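Worksheet: one structure, shown below.
The values are calculated or read from the model by the stated rules, or taken from the named source; none is laboratory data. Not measured: the values here are computed from a predicted model. Note that we place each Cβ from the backbone using ideal geometry, even for glycine, and neighbour counts take in every protein chain shown. Note: areas computed on protein heavy atoms with side chains; ligands, DNA, RNA excluded. Shrake-Rupley method; radii C 1.70, N 1.55, O 1.52, S 1.80 Å.
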Amino acid sequence: MKYKIISILICMLLLTVIPVTAGLTIQENPQPSRIGWTTIQGFLLTRPREINGGALIMFRCLFVHYVAQSIVQRITGFRYGGQMMVIPNTFRGVLMPHMIMGWCIGALEF
């Protein structure tokens, strides 16, 4: 009887651990923080176009360098060779058909 109770408790513990390890506790749509900033500069492969009702700007990168700075961490990186990049429409700076240079509020998630 004692081993049956212990085995039932272990099974219940396993059933509660599986959703956590599967990532069900993570938010579906992470929102950028209003604390921090992201600088973006480089050359674009395609023209920027608005998506999601004008809330986002999407383009393909020829060679783009970004730096996302928040209170805790700093993320730097490159997008190149036709990789897609999506930024919010709160972007401030130069956004021409084949060049981008500026910043936006919030540390974006890459």
Residue hits (the range 30-87; among the charged types (D, E, K, R) and open to solvent by 80 Å² or more (accessible area, probe 1.4 Å)) are 34, 47, 49, 50, 60, 74
Filter result for residue 75 (touching an Asp or Glu at 6+ places or on another chain (Cβ under 9 Å) and free of Cβ contacts under 8 Å to residues at least 40 places away in the same chain) = yes
Out of all the residues in the range 53-95, which are out of contact with any strand residue (DSSP E or B) (no Cβ under 8 Å at 6 or more places or on another chain) and either part of a strand (DSSP E or B) or within 13 Å of residue 36 (Cβ to Cβ) (or both)?
-> 70, 71, 72, 73
